[in-house]
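Enquirer: Provided herewith is a single structure, encoded as structure tokens, for subsequent inquiry.
The values are calculated or read from the model by the stated rules, or taken from the named source; none is laboratory data. Note that this is a predicted model, so its numbers are computed, not measured. Note that we place each Cβ from the backbone using ideal geometry, even for glycine, and neighbour counts take in every protein chain shown.
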Amino acid sequence: GQLHGAIYQGGGALVGRSGGHGVRGLPAEAGGLLEALAQGERLDHTQWRTLLEARTPALAAEAAQRAAAVRDRIYGKRVFIRGLIEFTNYCKNDCYYCGIRHGNRATSRYRLTEDEILACCRAGYALGFRTFVLQGGEDPYFTDARLVRLVSAIKREFPSCALTLSVGERPQESYAALRAAGADRYLLRHETANAAHYRRLHPENQRLEDRMACLRALKALGYQTGAGFMVGSPGQTLDCLADDLVFLTAFRPEMVGIGPFLPHHQTPFAGEPAGSVEMTLYLLSLVRLALPAVLLPATTALGTAAGDGRERGVQAGANVVMPNLSPAGVREKYMLYDNKISTGSEAAECLDELRQRMQAIGYTVAVDRGDFAGISEGKV
Ligand code: 5AD
């Protein structure tokens, strides 16, 4: 009903009427759908699928241009940085795609001490970081008591900084305790909104409903909440991606992480092909158009898949980059996929290189918390 407003008249061509192709040589229906998105309309599954199927270089360029304009209007030509601290690579889960899965006995495991983590934050603060992201596998060593202590210590020493957690699925009471201790944001990619695809990517004890319940709990607790997914993971179809877009536009997370799937040689998906950089960029643009104020990183996976992935991500509508602030000695142990980069503009200590690269495409790296600029929903 309300999905079809004045702009998009279900299946009709709005941009031009010249035999299926509208202005700028775009398929008329896809052009109309981009326009509908730009007008704030919500698309249904079929419409998202149409837009995904219609992807051509010209349509992707049009989407990117519109997405960049939306991002510039809300955030300006500023890119936010987050210092990523990968503090443990122990994980009890066995996600088929992930290099630090429990079943990978060849990975050498580490966990940082509270002092080491605080030292990372100090180094990051001096470099200009005002958001720290604590990311780790689902490591039972980090009980609520230990994590609450850690969060409290970071917020006490850096009260002007935002703290983001990315430590997977936990009980609601755990999320509540961490929020009370001062955590501001939480990243938990939904991975795929399609139940059959979720089962293809995870063992049976990991359930999409649990993941979704966690995301709802996080949002209700007032976290700026991040969802997201990989592009081109085994078994993913355009229908799966349409499901992801329907989910994201209903849930309206403050942050969305999207990167290409990249194989890791010690996982069940070792022989699977990598996801497409172009499709990833197109999805970044579509998500920016659907959720104008979203905090959208040009991810490490995108930067790994293409040397200029960060720049192209920003040009497609992203406005966040998350350089690695982990101690140099552990970086190569946090290998979610093969060849994961952690040098150059990917490294926190090389922030100047990132600054130069962003300046070269007309953007500046912002030294502030970089909070969500829209109206957060779901708060109780
Ligand atoms: N390729 C790309 N991204 C991956 N992730 C995990 N493994 C891979 C991989 N092989 C992503 C997941 C996870 C995030 C931390 O990293 O989406 O949520």
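Enquirer: With the requirement that a residue be touching a Pro at 6+ places or on another chain (Cβ under 7 Å) and either hydroxyl-bearing (S, T, Y) or outside any loop (DSSP other than H, G, I, E, B) (or both), what does the stretch 241-298 give you?
Expert: G257, S276, V277, T280
Enquirer: With respect to A373, determine if the residue is buried (at least 20 other Cβ atoms within 10 Å of the Cβ) and either touching a helix residue (DSSP H, G or I) at 6+ places or on another chain (Cβ under 6 Å) or at pLDDT below 95 (or both). Explain how you work it out, then say what you get.
Expert: Numbers: buried (at least 20 other Cβ atoms within 10 Å of the Cβ): no; either touching a helix residue (DSSP H, G or I) at 6+ places or on another chain (Cβ under 6 Å) or at pLDDT below 95 (or both): yes.
Judged against the criteria, A373 is not a match.
Enquirer: Another question, if that's okay. Kindly indicate whether L302 is more than 21 Å from L201 (Cβ to Cβ) and either part of a helix (DSSP H, G or I) or within 13 Å of the ligand (Cβ to nearest atom) (or both).
Expert: Details: more than 21 Å from L201 (Cβ to Cβ): no; either part of a helix (DSSP H, G or I) or within 13 Å of the ligand (Cβ to nearest atom) (or both): yes.
No; evaluated as a whole, the condition is false for this residue.
Enquirer: For G329, indicate whether it is surrounded by fewer than 20 Cβ atoms within 10 Å (Cβ to Cβ) and out of contact with any Pro (no Cβ under 6 Å at 6 or more places or on another chain). Spell out the reasoning first.
Expert: On the way: surrounded by fewer than 20 Cβ atoms within 10 Å (Cβ to Cβ): yes; out of contact with any Pro (no Cβ under 6 Å at 6 or more places or on another chain): yes.
Considered against the rule, which asks whether it is surrounded by fewer than 20 Cβ atoms within 10 Å (Cβ to Cβ) and out of contact with any Pro (no Cβ under 6 Å at 6 or more places or on another chain), G329 comes out as yes.
Enquirer: Let me confirm something: among L302, L325, L291, L286, which residue is over 16 Å from Y363 (Cα atoms) and in contact with a Cys (Cβ under 7 Å, 6 or more places away or on another chain)? Let's see the steps before the verdict.
Expert: Numbers: L302 fails: in contact with a Cys (Cβ under 7 Å, 6 or more places away or on another chain); L291 fails: in contact with a Cys (Cβ under 7 Å, 6 or more places away or on another chain); L286 fails: in contact with a Cys (Cβ under 7 Å, 6 or more places away or on another chain).
Just a single option satisfies the conditions, and that option is L325.
Enquirer: Among the residues of the stretch 263-271, are any without any contact (Cβ under 8 Å) to a residue 12 or more places away in the chain, within 16 Å of the ligand (Cβ to nearest atom) and over 28 Å from D115 (Cβ atoms)?
Expert: Within the stretch 263-271, the first condition is being without any contact (Cβ under 8 Å) to a residue 12 or more places away in the chain, and the residues that meet it are 270-271.
If we keep only those that are within 16 Å of the ligand (Cβ to nearest atom) as well, we get 270-271.
With the extra rule that they be over 28 Å from D115 (Cβ atoms), the set shrinks to 270-271.
Yes, the stretch 263-271 contains a residue that is without any contact (Cβ under 8 Å) to a residue 12 or more places away in the chain, within 16 Å of the ligand (Cβ to nearest atom) and over 28 Å from D115 (Cβ atoms).
Enquirer: Any idea which of V256, V277, V294 is at pLDDT 95 or above, more than 16 Å from the ligand (Cβ to nearest atom) and in contact with a strand residue (DSSP E or B) (Cβ under 8 Å, 6 or more places away or on another chain)? Working first, answer last.
Expert: Working: V256 fails: more than 16 Å from the ligand (Cβ to nearest atom); V277 fails: more than 16 Å from the ligand (Cβ to nearest atom).
Residue meeting the stated conditions: V294.
Enquirer: Which one is farthest from the ligand (Cβ to nearest atom), of the residues in the stretch 206-236 that are part of a loop (DSSP other than H, G, I, E, B) and touching a residue at least 40 places away in the same chain (Cβ under 8 Å)?
Expert: Restricting to residues being part of a loop (DSSP other than H, G, I, E, B) and touching a residue at least 40 places away in the same chain (Cβ under 8 Å), the top hit is G222.
Enquirer: Test S342 against the criterion of being in a loop (DSSP other than H, G, I, E, B), within 19 Å of the chain's Cα centre (by Cα) and under 30 Å from P263 (Cα atoms), and give yes or no.
Expert: yes
Enquirer: What's the total number of residues in the stretch 54-77 that are crowded, with 17+ Cβ neighbours inside 10 Å and touching a Phe, Trp or Tyr at 6+ places or on another chain (Cβ under 7 Å)?
Expert: 3
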